[in-house]
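Q: Have a look at this one before I ask anything.
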Amino acid sequence: MSTYIAFLRAVNVAGHASVRMSDVRDAFAAAGCRNVRTYIQSGNVIFESAERSPGAILQRVRTKLRDVMGDAPEIILRTAGELQELIRRAPFKGAEAETGIKLYVAFLSQRPRSRPDFPLVSDKEALEVVGMSGRDVFVVSRRKANGLFGFPNLFIEQEFGGTATSRNWSTVTRIVSMCPKPQASTKIKGNP
């Protein structure tokens with residue numbers, strides 16, 4: 001039995017794809033997932049499955065979510081081991097002490113065709129991509145001229161190509177704390 005984390009893209013954000021997390025949990029359970037839990041309203045789902053094919057898991061979950069939502073959101077999947085390794089590597093070491101910033105991880109659905117030079121900056125959105133590991137991109141967000149923090153998702157999708165979903169670093173660390181410990185450094189088949 002493996003522990004997975006599903007990140008649903010654009011769920012309960014600015015009035016888009018509104019869904020109750022209890023309905024999301026029920027959809028995952030109906031798709032054969034076990035010990036299904038959610039964290040906050042933005043579509044973070046922790047679950048267990050004996051299924052070894054992430055594609056098969058996602059196909060069943062998307063079918064069930066389509067029944068609930070009318071359309072299936074994009075879902076990006078990671079194993080608990082992958083996220084535990086991400087936390088262990090401390091990708092924001094040094095930046096965490098800086099005040100007035102937000103730290104994000106953008107989870108890519110696939111590896112980009114090419115790896116850009118870092119740092120990668122968006123002055124307009126006050127974002128600085130400081131690195132990446134596999135399909136995970138690390139972003140520092142600062143306040144824009146309007147006082148709001150830049151949100152990295154669209155910038156990341158444009159720069160890296162493909163689908164991404166972004167989570168605040170504190171959300172990622174909280175999700176990892178909810179997973180069984182320790183977990184072998186398992187990776188989803190085909191992931192670097």
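Q: For Lys144, what residues show an amide H to amide H distance below 5 Å, using hydrogens built from the backbone and excluding near sequence neighbours?
A: Amide H to amide H, under 5 Å and 5 or more residues apart or across chains, Lys144 pairs with Phe149, Gly150.
Q: Would you work out the relative contact order for the chain, in percent, from Cα pairs under 8 angstrom that are 6 or more residues apart?
A: Across the chain, relative contact order equals 23 percent.
Q: Taking amide hydrogens as modeled 1.01 Å from N in the peptide plane, which residues meet the under 5 Å criterion relative to Ala31, leaving out close sequence neighbours?
A: none
Q: Provide the per-residue ³J(HN,Hα) series for region 128-144, in order, calculated from phi with Karplus coefficients 6.51, -1.76, 1.60 and θ = phi - 60°, each as a whole number of Hz, with x at glycine and proline positions.
A: These are the phi-based 3J(HN,Hα) values: 9, 7, 9, x, 7, 9, x, 10, 10, 10, 10, 10, 9, 10, 10, 6, 7 Hz.
Q: Amide H to amide H, which residues 5 or more places from Thr163 or on other chains are under 5 Å from it, using H placed in the peptide plane?
A: Correct list: Ser109, Gln110.
Q: Given the chain, what count of lysine pairs have C-alpha atoms under 26 Å apart, with each pair 8 or more places apart or on different chains?
A: 11
Q: For region 98-111, in order, what is each residue's ³J(HN,Hα) by Karplus, 6.51 cos²θ - 1.76 cosθ + 1.60 with θ = phi - 60°, in whole Hz (x at glycine and Pro)?
A: Result, rounded to whole Hz: 5, 8, x, 10, 10, 10, 10, 10, 9, 8, 8, 6, 8, 5.
Q: Is the shape of region 2-82 rounded, prolate or oblate, going by the alpha carbon gyration tensor and its root eigenvalues a ≥ b ≥ c, with a/c under 1.5 for rounded and a/b larger than b/c for prolate?
A: Prolate, since a/c reaches 1.5 and a/b exceeds b/c.
Q: For the chain, what D do you get in µm² per second when you plug the Kirkwood radius from alpha-carbon pairs into Stokes-Einstein at 10 °C and 1.306 mPa s?
A: Translational D for this selection: 93 µm²/s.
Q: Right, next: Explain nothing, just compute: Karplus ³J(HN,Hα) = 6.51 cos²θ - 1.76 cosθ + 1.60, θ = phi - 60°, for every residue of region 47-63 in order, whole Hz, x for Gly and Pro.
A: Values, residue by residue: 8, 10, 7, 8, 4, 9, 9, x, x, 5, 4, 4, 4, 5, 5, 4, 4 Hz.
Readers should treat all values here as calculations from the given coordinates under stated rules, not as data from a laboratory. Predicted model only: the values in this text are computed from it and were never measured.
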